[in-house]
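Before any comments, here is the structure.
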Amino acid sequence: MTQLLNNIRIILINTTHPGNIGSVARAMKVMGLSELHLVTPLKFPDAQATAMASGADDILHNAVVHDSLESALEGVPLILGTSARLRTLSMPQMDVRAAAERAVIEASQHEVAILFGRERHGLLNEEMQRCHYLLNIPSNPGFSSLNLSQAVQVVSYELRVAALGEAGLTKAPLDYSPVDASQMERFFEHLEQALTDTRFLNPAQPKMLMARLRRLYSRARPDQNEINILRGILAASQRACATDFIKPEQTPVVDE
Ligand code: SAH
């Protein structure tokens, strides 16, 4: 069980209050989680964080601080984004119990990340778009937002319960290896460039195209072979399009 929980990283984005980071460390440690990652925390390390950790200092000490979400997601093929709110562009959603089961099952195969947002504004849409699922803790619809560390506590508790009952989990493990977050990002950059080159995407009026395509490909969770094929198709379209533009018969004929 320890190994399973060690494969699940808690990522806090842009946390304002260092006390919350300390409370998160404590919330994690009581449930046997250890991997804390901090993306651009406002103040860390800090005495308030240490005070609130009340003994979970090892988690704080080992916390990895990143200057970008990209770096915190390196090597992670399953990403869950927590939110009290539903988003404009809806994405696959799970309550915390179902999400914890999914996370524990995949943690036996690879790294899993769970993202937590800022105290005031939660996760930005572009951060949520990096996630495969939205994880929601069912709460009072009129007052749905938990304190950051309390949200981490509920999630960590469910992860522990799922890990304890691991043998009885009903969901099937994946029978292939989806690529990690950085590979997906490189694919999305390539896709956007190819769509621009082929004029399908007008950068001046991108609308929701990339957000929708992200959602589509994130749902598919491609493996390395599939990513290679997709990128091969993109590269071929870019080449075809580039040669088309310089073909002599395609240059406008000017009547003299
Ligand atoms: N005002 C923010 C809430 C921030 S609470 C907003 O409207 O989004 C800080 C973080 O705690 C959130 O980003 C999320 O990671 C977590 N959180 C709080 N309530 C939650 C809930 N009901 N379900 C899942 N995560 C929650």
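Figures for the structure shown
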| item | result |
| --- | --- |
| First in the stretch 139-155 and under 16 Å from MET52 (Cα atoms) and modelled with pLDDT of 95 or more, second anywhere and of a type in the set (Lys, Arg) and near the ligand (Cβ under 9 Å from one of its atoms), Cβ under 9 Å, 6 or more apart | LEU148/ARG118 |
| Count of the stretch 122-139 residues which are in a loop (DSSP other than H, G, I, E, B) and either near the ligand (Cβ under 6 Å from one of its atoms) or not assigned by TED's automatic domain parsing to the domain that holds GLN93 (or both) | 3 |
| Identity of the residue in the stretch 160-183, closer than 30 Å to PRO203 by Cα and touching a strand residue (DSSP E or B) at 6+ places or on another chain (Cβ under 9 Å), that ends up nearest to the ligand (Cβ to nearest atom) | ALA181 |
| Failed condition for LEU148, given (1) more than 17 Å from ALA72 (Cα to Cα); (2) surrounded by fewer than 21 Cβ atoms within 10 Å (Cβ to Cβ) | (2) |
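Okay, residues lined up against (1) in the same structural domain as GLY122 (by TED's automatic domain parsing); (2) part of a strand (DSSP E or B); (3) among the small types (Gly, Ala, Ser); (4) touching a strand residue (DSSP E or B) at 6+ places or on another chain (Cβ under 9 Å):
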| residue | (1), (2), (3), (4) |
| --- | --- |
| ILE11 | yes, yes, no, yes |
| HIS37 | yes, yes, no, yes |
| MET52 | yes, no, no, no |
| LEU86 | yes, no, no, yes |
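Rundown of residues vs (1) within 16 Å of the ligand (Cβ to nearest atom); (2) part of a strand (DSSP E or B); (3) within 30 Å of ALA240 (Cα to Cα), yes/no style:
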site	(1), (2), (3)
HIS110	no, no, no
PRO141	yes, no, no
LEU146	yes, no, no
GLU158	yes, no, no
ARG212	no, no, yes
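The values are calculated or read from the model by the stated rules, or taken from the named source; none is laboratory data. Being a predicted model, the structure only gives us computed values, none of them experimental. All Cβ positions, even for glycine, are placed from backbone atoms using ideal geometry, and neighbour counts span all protein chains on display.
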